[in-house]
Amino acid sequence: MKSIIKVLLITPIMVFATLEFQQWNGNQISNWWGNNGTITSHIPTGDGGMEWPIESGDSPVYSSGLWVIAGQVNSTIDIRSAACEFSSEYTPGPWGSDPNALEHRIYKIRSADGRANPDWDIWPVDQGAPWIDADENGIYDPSIDSPDVKGDLYYWTVFNDGNQGTHSNLWSTLPLDIEVTAAMYGFEGPGPLENTLFMEWDIKNTGTNELGSVYLGLWQDIDLGSAINDYIGCSPDLDLSYHYVGSLPD
């Protein structure tokens, strides 16, 4: 199985966006992640995008993605979405950029590699990637400065919903015109964190509209064994959601 897969998405108005999927496999979790709002993707293999424990053949999540919904635009009721599920309303790269640009990809840093990592020298600070400005001169010099990463394995990318053509993939709303920088990371040592995967998003309103009644959510297609006996729950006091296997329907 290859660790990087690229596909060409052709939207209904013939706007081309080069998508990339990389396999995160830094601990006991294997997860296919994309640069289009995807958290877990079934596209690279046609099967569940997450495997846990790794090499077990068990897939707790088939597909998942980031949703951002606004109920008001410029103080007027106007429901708009920027969402990703089986298809996506996002395109790679910062808002207003060319989604075909080769630099709008997923960048990967393994902390133990240091500067030997191939993405260290080309860390995309111009796209918003976090970095440590060791000499405080505002210029990224890989011989002095470094990517500002978390965990033992760190993936980073940026995407936006500014292309109206991709919104016909789901609900055909107008774009929110948001830009999202996203990171996925984890730890390789033994203990609870070897079964944990972290995600961070920095969501910016890069357009000219004032957005109100904005809600964030994670969409998931959960397949624990069978696809027809999965149940979900939540504990608001703990900021926790969970899913589990229940009885098969009659």
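I'd like the FRET efficiency for residue 87 and residue 237, computed as 1/(1 + (r/R0)^6) with the beta carbon distance as r and R0 of 30 Å, rounded to 0.05.
Efficiency, from the Cβ-Cβ distance: 0.30.
At 1.4 Å probe radius, can you tell me the per residue accessible area of region 202-245 in Å²?
75
I'd like the FRET efficiency for residue 136 and residue 100, computed as 1/(1 + (r/R0)^6) with the beta carbon distance as r and R0 of 22 Å, rounded to 0.05.
0.05
Could you work out Rg/(2.2 N^0.38 Å) for the chain, with Rg from alpha carbons only?
Its radius of gyration relative to the 2.2 N^0.38 Å reference: 1.05.
Could you work out the equivalent-ellipsoid semi-axes for region 56-197, taking the square root of 5 times each eigenvalue of the Cα gyration tensor, largest first, in whole Å?
Computed over region 56-197, the values are 31, 22, 13 Å.
Going highest first, how would you order 66-72, 224-230, 39-45, 192-198 by mean Cβ packing within 10 Å?
39-45, 66-72, 192-198, 224-230
When every alpha-carbon pair in region 181-250 is counted, what percent end up more than 20 Å apart?
Percent of Cα pairs beyond 20 Å in region 181-250: 58.
Mind ranking 143, 87, 64 by accessible surface for me, highest first, 1.4 Å probe?
Ranking 143, 87, 64 by accessible area, largest first, yields 143, 87, 64.
Percent of accessible area on the chain owned by carbon and sulfur, 1.4 Å probe?
54
Report P(r) for region 12-100: all Cα-Cα distances, bin width 5 Å, range 0 to the bin holding the largest distance, values in whole percent.
Here the calculated profile for region 12-100 is 3, 13, 19, 19, 16, 13, 8, 5, 2, 1, 0.
The values are calculated or read from the model by the stated rules, or taken from the named source; none is laboratory data. Just so we're clear, the structure is a prediction, and the values are computed from it rather than from any experiment. Here the Cβ is made from the backbone with ideal geometry for all residues, glycine too, and neighbour counts use every protein chain on show. Remember, those area values only see protein heavy atoms, side chains included, never the ligands or the DNA or RNA. Shrake-Rupley method; radii C 1.70, N 1.55, O 1.52, S 1.80 Å.
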